[in-house]
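Accompanying notes for the structure given below.
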Amino acid sequence: MKAALFVLFLFLISVLPVSAANTSQLEGTAPARIAELYSDLESFDVTIYSTQPEENLTLEVSLIRPGKGTEEVITTQEFSTGSFPANMKVTKVGFWDVRNAERGAYTLKARLLEQGQVLSESKSDFVYGSNSASRLQVSDLIPNSDGIAVVLSPNQVSLFDIEYMLVDGHDVIYKTKTEKASLTSIPEAFSASWGTLLESNKEYTGRVKVQVYSPSKGFITSTENFTARDDAKITDIYQDETGASATVLGHSQVPFEGSLVFSVYELQETPGSSSSVFVESVRERVPVLLNDDDETVEVAWRERLPEGVYRLEIELFGNDGDIIERRETIIESDLSPSNASEVSPGTENETSGENGGEGTPGFSVTAGIAGLALVFALFKKLH
């Protein structure tokens, strides 16, 4: 009996290391794997990781309702992961469309495939419609072309992290995080700016994922779609009888490539009525702006505006030629018509160059010729 036990012991010692080595070898043949999973009944995210660059793997995800002895597959999605680099976690996002959802337990199952071969698979369980109240709730979510803002309302004092995601299709194209934020008793807004360029008139999804640490680790998510638009606003203007300027502030991660139009109208008062007479208009391109960038654009009138009151209209046009903003102000000029013509742009230097000093240019030349003639006559008489 003892001999038999000894032989069995030797067999186990010899077999176990071999089994462990085989397992390691199998894991090593599939460098790509599913690292993290999350799902609720609105959306899901799957984080994948690989020790080498990957091209066009397939991600298959299924939403399952467990049952007694059976599983009900509610819906399945399958899509390409595209290309992603080595040694970097890449998150893919998807959205469910579950109608008439029932309370209870659900399971997310995910498989990572390469040409039909399973490289990695994982699952995550969650409960929908639980009566346990969360410490936090999302009261409002507003994503737009410059960033995303979320209002969180506390049910209890809470410490949490907020992950902000910009989603294009299944791809998270930008992600940033606020860590160790806290709320005590009143709602508060949290926000982040997108750190990537957006394409004009394209639809994106803004998503927040809030991780609460106590009493147990849990998540709250919320998503909202938006269409990216170029945007900017006029923050400051200056005007006088010689010209005008406007400072434009970018308000979007869609590159702003618009223009400014400065239009001047003379205000004329007649007994019983008033009117505006068009004087001139100048269009200038605004340098390319992104969110929080600003540039000042200056223009000069063809001639200084003579004495009078003028209405200045400044229009800011967007990339598509739409008017984003219009501002109006008044220019008061005390320059008389005669003075205005004397100092008209382009003639001021010419006038001062001709006159040079006192008297007229013609008088100076005549006096010089007469002086030379007198000197020549005196010199001839002496000889």
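No lab work stands behind these numbers, since they all come straight from the coordinates. Owing to the predicted nature of the structure, the values given are computational and were not obtained by experimental measurement. Here the Cβ positions follow ideal geometry from the backbone for every residue, glycine too, while neighbour counts run over all protein chains shown.
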ILE74 versus ALA181, label points 7 Å from Cα toward the beta carbon: distance in nm? 2.7 nm
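Using the crude model of +1 on Lys and Arg Cβ and -1 on Asp and Glu Cβ, and no other charge, please compute the dipole size for the range 140-194 relative to its Cα centre, in debye to 20.
160 debye
Net charge near TYR106, counting Lys/Arg +1 and Asp/Glu -1 over other residues with Cβ under 13 Å of its Cβ? Before the final figure, lay out the partial values.
On the way: positive: ARG65, ARG103, LYS109, LYS123; negative: ASP40, GLU42, GLU71, GLU72, GLU102, ASP125.
Value of the local net charge: -2.
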Amide H contacts of TRP96 (H built 1.01 Å from N, under 5 Å, at least 5 apart or other chain): SER43, PHE44
Ranked HIS170, HIS251, criterion: other C-beta atoms within 10 Å, fewest first: HIS170, HIS251
Distance from the Cα centre of the range 186-256 to that of the range 82-118, in angstrom? 28 Å
Going residue by residue through the range 173-190, the Karplus relation 6.51 cos²θ - 1.76 cosθ + 1.60 with θ = phi - 60° gives ³J(HN,Hα) values, rounded to whole Hz and with x marking Gly or Pro, of 8, 8, 8, 9, 9, 10, 10, 6, 7, 9, 9, 10, 9, 10, x, 8, 9, 10
With no solvent and one equal point scatterer placed on each C-alpha of the range 136-227, evaluate the Debye formula and give log10 I(q)/I(0) for q = 0.12, 0.22, 0.26 Å⁻¹, two decimals. -0.36, -1.04, -1.36
For the range 283-291, in residue order, the Karplus 3J(HN,Hα) values (coefficients 6.51, -1.76, 1.60; θ = phi - 60°; whole Hz; Gly and Pro = x) are 10, 9, 6, 8, x, 4, 10, 10, 4
Too-long pairs where the Cα-Cα distance tops 25 Å, listed order kept, from LYS89/LYS177; LYS109/LYS202; LYS202/LYS233; LYS123/LYS209; LYS180/LYS202; LYS209/LYS233: LYS109/LYS202; LYS180/LYS202; LYS209/LYS233
Summed residue charge, Cβ within 11 Å of PHE317's Cβ, Lys/Arg positive, Asp/Glu negative: -4
Phi angles of the range 134-145, converted by Karplus (6.51 cos²θ - 1.76 cosθ + 1.60, θ = phi - 60°) into ³J(HN,Hα) in whole Hz with x for Gly and Pro, give 6, 5, 10, 9, 7, 8, 7, 9, 10, x, 8, 6
Just order 241-248, 59-66, 290-297 by mean Cβ neighbour count inside 10 Å, highest at the front, would you? 241-248, 59-66, 290-297
Could you check the simple spin-label distance between MET88 and GLU42, using points 7 Å along Cα→Cβ, in nm with one decimal? 2.9 nm
Potential lengthening between GLU102 and GLU121 on full extension [0.36 nm per residue; Cα-Cα distance subtracted]: 4.2 nm
Could you put ARG135, ARG33 in order, starting from the residue whose Cβ has the fewest other Cβ atoms within 10 Å? ARG33, ARG135
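By the scheme Lys and Arg +1, Asp and Glu -1, what is the net charge of all other residues having a beta-carbon under 11 Å from that of GLY169?
Working: positive: LYS92, LYS202; negative: ASP168, ASP171, GLU203.
Neighbour charge sum, excluding GLY169 itself: -1.
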Semi-axes of the equivalent ellipsoid for the range 232-340, Cα gyration tensor, largest first, Å: 30, 14, 10
Any idea what the dipole of the range 232-340 comes to, in debye rounded to 20, about its Cα centre with Lys/Arg Cβ at +1 and Asp/Glu Cβ at -1? 200 debye
Using 1/(1 + (r/R0)^6) with R0 = 35 angstrom and r between the beta carbons of SER281 and ASN201, what's the FRET efficiency to the nearest 0.05? 0.80
Full-stretch length increase - SER274, GLU295 - with 0.36 nm per residue and alpha-carbon distance subtracted: 4.0 nm
Relative contact order of the range 31-128, pairs being alpha-carbon contacts under 8 Å that are 6 or more residues apart, as %: 35 percent
